[in-house]
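Inspection log for the structure reproduced underneath, given as structure tokens.
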Amino acid sequence: MLACSALLVTACSNDDDWNTDGNVTVEMKNATMKVKENAGMFYVPVEVTGEANGPIRVTVDVTEASVSPAVEDEHYILTTKTLNIPAGETEVSLEFVPTNDMEINDDRVFTVTIVSVEGAKLGEIKSTEVTIGDDDSLFYEALQGTWTFSDTNYFEGTAETFKMSFVGVAEGEPEYEKTLYLSGFGGRSNLVAEVDYIYDEANNVVTLEIPYGQTLGQLNFTGLGVCDVVLLGVNGEYVTMDGTIVATVSPDLRSITFDPNDVFYCGVFAGTEFKGGWDAFAAVSMSR
């Protein structure tokens, strides 16, 4: 609907429709911005000052930096270079998608510049320099994203796969480069494990540790109602809250290896009472 609306405004507008108030200006909101290449969609804001009595059209162009350039359609995708701003709007954004590679590289830079404005004056900030920060030199950030979780179902003995995601904490937070969150157990996005991230700088090796006994989340079970789902291990004929799952990340960051004897056993607890197993995963590996 948004795309159609933009086309409709463009198709129906003519020179007489634009804002005629001479006190309205348009400019880039920020002179510089930085975003990680694994950020997904990000936004470069354009600011309107004054009270427009009609729409405004802004056209931008992009240029590569002379050093460490970010190349359009290779390192990022810009969804449009024309913004049709309705009267009354004070801020709109250009949408960019950085392309997340798996290579260690310098930060890449490009500049967004307003090249024409219809229905307003151009303000002082004509350009925004955008730096796309590399995330692959930091294993912590490179691990984040979607992975394929492969296992043998502990109860049924059948092979299965599903998608899971690692999410980290923001740079500057105390748990940055210490804690990751792994979501998607059994295909349920609300079941999330806290993962200890350990980087051995001397040997350039990343180890992940997932403690047993932690609550992954809650599910609604027939006859039981809403119960906690707790990550347990298997010790012979018993389940246990003691211990830790340990995994090693490959140097190319494309696979994670677990001890084949480790089991992700998702136990169901009504309060403190153990009610049995919801699901369990053995012979686990992860890849992408």
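The values are calculated or read from the model by the stated rules, or taken from the named source; none is laboratory data. Note that this is a predicted model, so its numbers are computed, not measured. So basically every Cβ, Gly included, is an ideal-geometry build from the backbone, and we count neighbours across all protein chains shown. Ligands, DNA and RNA are excluded from the accessible area calculation, which covers all protein heavy atoms including side chains. Shrake-Rupley method; radii C 1.70, N 1.55, O 1.52, S 1.80 Å.
Descriptive notes on the structure:
- Restricting the range 96-125 to residues that are of a type in the set (D, E, K, R) and loosely packed, with under 13 Cβ neighbours inside 10 Å, the residue that is nearest to SER66 (Cα to Cα): ASP106
- Residue within the range 44-63 that is under 11 Å from PHE110 (Cβ atoms) and part of a loop (DSSP other than H, G, I, E, B) present: no
- Residues that are outside any strand (DSSP E or B) and either loosely packed, with under 13 Cβ neighbours inside 10 Å or at positive phi (or both) do not occur anywhere in the range 227-235.
- Test: residue in the range 120-134 that is of a type in the set (A, V, I, L, M) and under 22 Å from the mean Cα position of the chain (by Cα): yes
- Of all residues in the range 243-278, those being of a type outside the set (Val, Ile, Thr), more than 27 Å from the chain's Cα centre (by Cα) and on the phi < 0 side of the Ramachandran plot number 13.
- Yes/no for THR240 being of a type in the set (Ser, Thr, Tyr), within 25 Å of the chain's Cα centre (by Cα) and open to solvent by 30 Å² or more (accessible area, probe 1.4 Å): no
- Among the residues making up the range 218-241, those that are touching a residue at least 12 places away in the same chain (Cβ under 8 Å) and of a type in the set (Gly, Ala, Ser) are GLY225, GLY233.
- Here the range 248-280 is the region considered, the condition is being touching a Cys at 6+ places or on another chain (Cβ under 8 Å) and closer than 18 Å to PRO211 by Cα, and the residue that is surrounded by the most Cβ atoms within 10 Å (Cβ to Cβ) is ASP279.
- Filtering the range 165-189 to residues that are hydrophobic (A, V, I, L, M, F, W, C) and closer than 18 Å to GLU209 by Cβ leaves PHE166, VAL167, VAL169, LEU180, LEU182, PHE185.
- Among residues of the range 31-58 that are acidic (Asp, Glu), those with a Cβ under 6 angstrom from a residue that is open to solvent by less than 30 Å² (accessible area, probe 1.4 Å) and in a strand (DSSP E or B), sequence gap 6+ or separate chain, pair up as GLU37/PRO98; GLU37/ILE132.
- When GLU156, GLU129, GLU124 are checked against the criterion of being in a strand (DSSP E or B) and either among the charged types (D, E, K, R) or on the phi > 0 side of the Ramachandran plot (or both), a single residue qualifies: GLU129.
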